[in-house]
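S.K.: Here you go, one structure.
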Amino acid sequence: MILYNLFPLLAGPMSRWGDHFKRAADMGFDWVFINPIQKPGYSGSLYSISDYYGVNPLVLDAHSKKSPDEQVKQMLKSAKAHGLRVMTDLVINHCAFDSELTRKHPEWFAHDSSGQIVHPSCIDDGRTVVWGDLVEFDHEHSRDREGLYQYCLGVVRHYLDLGFTGFRCDAAYKLSPDFWRRLIRDIRAKHPQVCFAAETLGCTAEQTRATAQAGFDFIFNSSKWWNYSDGWLLESYQSTRGVAPSISFPESHDTCRLAEEVQGNVDALKQRYLFSALFSTGVMIPSGFEFGMRKPMHVVNSRPEDWCETGPDLREYIRRVNAIKAAHPVFQEEGPTQVLPFQNPNILLLRKSSDKRRGEALLILNKDVWHHQEYYVDSLRHVVPTSGALRDVSPEYPLDQLHEPFHYALRPGQGIVIVGPSA
């Protein structure tokens, strides 16, 4: 899964999305993920859904004679014409506080000791954050659990009928694995090819494993926050790689823009995308990353006027990285992966092997995005144990021959990608 996240408030009416689909396809993406397009509640947040069968007016063409559902279907046909499959958010752990569901089915929601419907919350840096525009479904203890389940099942079927072929399940760990196991089984009885990806960021390793084991095709990993040194990322990867493959991202709609974090350093943007794409089975970028956009996406306030192409143009680089991923099976699975020791702490040596096919790969990455760093080894076969020929398939400055001993002064943030034979 090479995934382009089209943020709907940034893209505007769906009738204008064709250019975004073409650009994503030209860069080598094969999936598009679209954040919620359902009708929001009073707050206007994409993730505060008031009507699961309605469409957000901000993504509709007010001058179109087509119904909202017909406009969605037309948008999905446009994506398909560019060779793209499309997934959308499935937000069924909460809804808008002003949704009619709270009046028609109060029994579907969690209540506090005073009988009031509960607003979801989280702990952020030691303080409790409450989302006042949301109310929490009670999938576990509702006296009408079956009615709530059937409603959620109907929502999924509705979006499949429109033409979506996958779902990113928001805060999936907040619902029980049994719920997901049943939902995925019921959907796949008629739609066996539907993709389910679990958003499990911020939960414990045990919650991640339990959720992934419910039948999800993918989970999202936390490699975006890795410092290229600490052991936690590889430990997490190892604990889940046999359960469900993961998707990396250099930034998302929930994070700051990477270009802002790195002060516009193009080498840092390239470095992070290369690592994200080659580390795990899947990779995702949000719309605008390819132009180094610095204004964060906002689930309420973003608008098409925020689209800006005045930054660096990374499209060709991203296309080359995606082509490497698509051409080499070792980068298409959660195979054995390890960080190798090296005397220069500014160099990351990441070795990947294939569980499913014959193949080895080595990523030599300059962690330093401001300075050159030296890499030297007597023989690359000491770090890539294969009897076949080794090739440099790097997205920039690939070497025609890999001389031994191997000595290279890596440019700031540069990554060298070396692969052995695959079946």
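S.K.: Over the chain, how many percent of alpha carbon pairs lie in each 10 Å bin up to the one with the longest distance?
M.R.: In order of increasing distance, the bins hold 4, 21, 30, 25, 13, 5, 1, 0 percent.
S.K.: Using the number of other C-beta atoms within 10 angstrom as an exposure proxy, rank Asp161, Asp125, Asp267, Asp254 with the fewest first.
M.R.: Placing the least packed residue first, the sequence is Asp125, Asp161, Asp254, Asp267.
S.K.: Another question, if that's okay. Dipole size in debye (nearest 20) for the chain around its Cα centre, Lys and Arg Cβ +1, Asp and Glu Cβ -1?
M.R.: That gives a dipole near 1160 debye.
S.K.: With 10 angstrom as the radius, rank Tyr159, Tyr375, Tyr53 by how many other C-beta atoms surround their C-beta, starting from the fewest.
M.R.: Tyr53, Tyr375, Tyr159
S.K.: Let me ask another. Given +1 on the Cβ of Lys and Arg, -1 on the Cβ of Asp and Glu, and no further charges, what dipole in debye does region 338-419 carry about its Cα centre, rounded to the nearest 20?
M.R.: Dipole about the Cα centre, nearest 20: 380 debye.
S.K.: Also: Going toward the positive end of the dipole of the chain, with +1 on Lys and Arg Cβ and -1 on Asp and Glu Cβ, which of Cys95, His407, Leu153 do you reach last?
M.R.: Leu153
S.K.: Sorting Met293, Met75 on the 10 Å Cβ count, fewest up front, what's the list?
M.R.: Taking fewest neighbouring Cβ atoms as first place, the list is Met293, Met75.
S.K.: Okay, moving on. Projected onto the charge dipole of region 7-165 (+1 at Lys/Arg Cβ, -1 at Asp/Glu Cβ, origin at the Cα centre), which of His139, His111, Pro13 gives the Cα projection farthest towards the positive end?
M.R.: Working it through, the farthest residue towards the positive pole turns out to be Pro13.
S.K.: Pick out, in residue order, every one of the trypsin sites (Lys or Arg not before Pro) in region 152-209 that is DSSP loop and has at most 13 other C-beta atoms within 10 Å; say none if there are none.
M.R.: Filter output for region 152-209: Lys190.
S.K.: Now for a separate question. For an R0 of 41 angstrom, estimate the FRET efficiency from the Cβ-Cβ distance between Ser114 and His371 and round to the nearest 0.05.
M.R.: About 0.10, to the nearest 0.05.
S.K.: Mind giving me the nanometre distance, one decimal, between the label points for Asp19 and Ala189, set 7 Å out from Cα along Cα→Cβ?
M.R.: 4.6 nm
S.K.: With a cut-off of 8 Å between alpha carbons and a minimum separation of six or more residues, what is the relative contact order of region 338-419 in percent?
M.R.: Relative contact order, region 338-419: 34 percent.
S.K.: Express in nm, to one decimal, how much length is gained between Glu260 and Lys73 on full extension, taking 0.36 nm for each residue of separation and deducting their alpha carbon distance.
M.R.: 63.8 nm
S.K.: Could you tell me what fraction of 2.2 N^0.38 Å the Cα radius of gyration of region 34-170 comes to, as a two-decimal ratio?
M.R.: 1.15
S.K.: Efficiency by 1/(1 + (r/R0)^6): what FRET value for Ala62 and His141, r their Cβ-Cβ distance, R0 = 35 Å, to the nearest 0.05?
M.R.: Efficiency, from the Cβ-Cβ distance: 0.25.
S.K.: Using a Förster distance of 56 Å, how high is the FRET efficiency between His105 and Thr310, based on the Cβ-Cβ distance and rounded to 0.05?
M.R.: Once the sixth-power term is evaluated, E becomes 0.70.
S.K.: While we're here: Which of the residue pairs Lys190/Lys270; Lys73/Lys356; Lys73/Lys190 have a Cα-Cα distance greater than 30 Å in the structure shown?
M.R.: Lys190/Lys270; Lys73/Lys356
Rule-based calculations on the coordinates, nothing more; no lab input. These numbers come from a predicted model, not from an experiment. In this analysis, Cβ positions are derived from the backbone assuming ideal geometry, glycine residues included, and neighbour counts consider all displayed protein chains.
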